[in-house]
Ligand code: MN3
């Protein structure tokens, strides 16, 4: 049965606003409302560090192109789609919970904006090392050891064929690792079991972009070296926020 977009958009207006941990950029756009435009507008977070400050793990030129070109294009495209499709979700969370009903342009570009905002926050200069406290305990509890966790996450990042993302999610108190294709993410209500579709659902705690644009300038075909060096810039304080 096909629900009309107009109806589902109307129903979604009634949805409850739920903030996802670690994602304070999920906000109702009061500016858009005031202007009578579509309710939700996606935007880029301001990078909490400079383009060159994740060197040498991630080079400055890759960061600059990734943020100012790739993600900026996702913002432009998703907001165009929101206007064209008359989407009136109030939150990004509701938008993704109804992703299966969105146009490809809205879904892919909305995912593109959100995933990158989350990815930027999950990194910091001089990050990495081994986390401590609750996040360390939660990882140990779910994966046996921190080394096992790193191995499994790296494996998910390496086995994602083509473009996509590796994720650590909190699924009702249980930590899980998986990957998604393209700009899909674990907040999306995507049907499971389809080729290229992840069955991973939950609140994202950590994400790694494994699209070639994320590493090709510095690492070319060596995704394994990119993943290995990315561990040095993981912002564990930010990851830990997702547990609350
Ligand atoms: Mn990317």
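The values are calculated or read from the model by the stated rules, or taken from the named source; none is laboratory data. All values derive from a computational prediction rather than experimental measurement. A quick note on method: Cβ atoms are made from the backbone with ideal geometry, for glycine too, and the neighbour counts reach across all protein chains shown.
What's the total number of residues in region 51-79 that are buried (at least 22 other Cβ atoms within 10 Å of the Cβ) and not in a helix (DSSP H, G or I)?
Residues in region 51-79 being buried (at least 22 other Cβ atoms within 10 Å of the Cβ) and not in a helix (DSSP H, G or I): 1 in total.
Of the residues that sit in region 91-103 and are assigned to a helix (DSSP H, G or I) and farther than 25 Å from residue 238 by Cβ, which one is nearest to the ligand (Cβ to nearest atom)? Outline the logic, then answer.
The first filter runs over region 91-103 and keeps only residues assigned to a helix (DSSP H, G or I), leaving 92-97, 99-101.
Of the ones still in play, those that are also farther than 25 Å from residue 238 by Cβ are 100-101.
Details: 100: 22, 101: 25 Å.
Only one residue fits best here, namely 100.
When you scan region 201-212, how many residues do you find that are within 10 Å of the ligand (Cβ to nearest atom) and part of a loop (DSSP other than H, G, I, E, B)?
Count: 2.
Can you name the number of the only condition in (1) at pLDDT 95 or above; (2) buried (at least 23 other Cβ atoms within 10 Å of the Cβ) that residue 82 fails?
(1)
So, in region 57-72, exactly how many residues are touching a residue at least 24 places away in the same chain (Cβ under 8 Å) and within 12 Å of the ligand (Cβ to nearest atom)?
Count: 8.
What tally of residues in region 109-135 results from selecting those that are within 14 Å of the ligand (Cβ to nearest atom) and loosely packed, with under 13 Cβ neighbours inside 10 Å?
Selection size over region 109-135: 0.
If the requirement is being under 30 Å from residue 40 (Cβ atoms), away from the ligand (no atom under 16 Å from the Cβ) and either outside any loop (DSSP other than H, G, I, E, B) or modelled with pLDDT under 95 (or both), which of these qualifies: 138, 166, 106?
Just one listed residue meets the conditions, 106.
Filter region 213-232 down to the residues that are surrounded by 15 or more Cβ atoms within 10 Å (Cβ to Cβ), assigned to a helix (DSSP H, G or I) and within 11 Å of the ligand (Cβ to nearest atom) and list them by number.
Listed by number, the list holds a single entry, 214.
For every residue, the table says whether it meets (1) touching a residue at least 24 places away in the same chain (Cβ under 8 Å); (2) buried (at least 16 other Cβ atoms within 10 Å of the Cβ); (3) not assigned by TED's automatic domain parsing to the domain that holds residue 207.
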| site | (1), (2), (3) |
| --- | --- |
| 140 | no, no, no |
| 143 | yes, yes, no |
| 151 | no, no, no |
| 160 | yes, yes, no |
| 165 | yes, yes, no |
| 172 | yes, no, no |
